[in-house]
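Trainee: Structure provided below as structure tokens; questions to follow.
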Amino acid sequence: MSEAPMPETTSDDRLWAALGYVLPIIALVVLFIEDKRSRPYIKFNAVQSLVMTVIFSILSTVTCGFGAVLFLIMLWWAYQSYTGKNVNIPLVSDFIRKQGWG
């Protein structure tokens, strides 16, 4: 599966994207700030973080506390986005792109 190339990112873009994975409330706030929302890298990672937070919350509830492992996965994605790599989550990333959300 090929990844869609992300446009040039700044250190500010990478920082906001990473913080969105660590603290999903930041991802939500980013979507309300016009200058951040207009940056494709930030917007895509913010939407992806929120989608995965919902999915992980449901999984954590169903599995009675598997959330700690899921949080480690979010930290890995935060690290990847901070280093400027595209965070490609199977099914989710493609779904977000097809919906035009990111």
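The values are calculated or read from the model by the stated rules, or taken from the named source; none is laboratory data. All values derive from a computational prediction rather than experimental measurement. A quick note on method: Cβ atoms are made from the backbone with ideal geometry, for glycine too, and the neighbour counts reach across all protein chains shown. SASA here: full protein model, heavy atoms, side chains in, ligands and nucleic acids out. Shrake-Rupley method; radii C 1.70, N 1.55, O 1.52, S 1.80 Å.
Trainee: Does Phe71 satisfy the criteria of being out of contact with any helix residue (DSSP H, G or I) (no Cβ under 7 Å at 6 or more places or on another chain) and at pLDDT 95 or above? Break it down stepwise before answering.
Mentor: Working: out of contact with any helix residue (DSSP H, G or I) (no Cβ under 7 Å at 6 or more places or on another chain): yes; at pLDDT 95 or above: no.
Criteria not met by Phe71.
Trainee: Give region 64-102 a look and list any residue that's touching a Leu at 6+ places or on another chain (Cβ under 9 Å) and farther than 19 Å from Gly20 by Cβ, or say none.
Mentor: Answer for region 64-102, where residues must be touching a Leu at 6+ places or on another chain (Cβ under 9 Å) and farther than 19 Å from Gly20 by Cβ: just Phe66.
Trainee: Next up: Please give the helices (runs of 4 or more DSSP H) falling wholly within region 12-87 in which 3 or more residues are open to solvent by less than 70 Å² (accessible area, probe 1.4 Å).
Mentor: 24-30, 40-62, 67-82
Trainee: Okay, next question. Of the numbered conditions (1) without any contact (Cβ under 8 Å) to a residue 24 or more places away in the chain; (2) part of a helix (DSSP H, G or I); (3) in contact with a Phe, Trp or Tyr (Cβ under 9 Å, 6 or more places away or on another chain), Glu8 satisfies every one except a single condition; which is it?
Mentor: (2)
Trainee: Let me ask you something else. Restricting attention to region 88-102, which residues are part of a helix (DSSP H, G or I), open to solvent by less than 40 Å² (accessible area, probe 1.4 Å) and of a type in the set (A, V, I, L, M, F, W, C)?
Mentor: Within region 88-102, Val92, Ile96 qualify.
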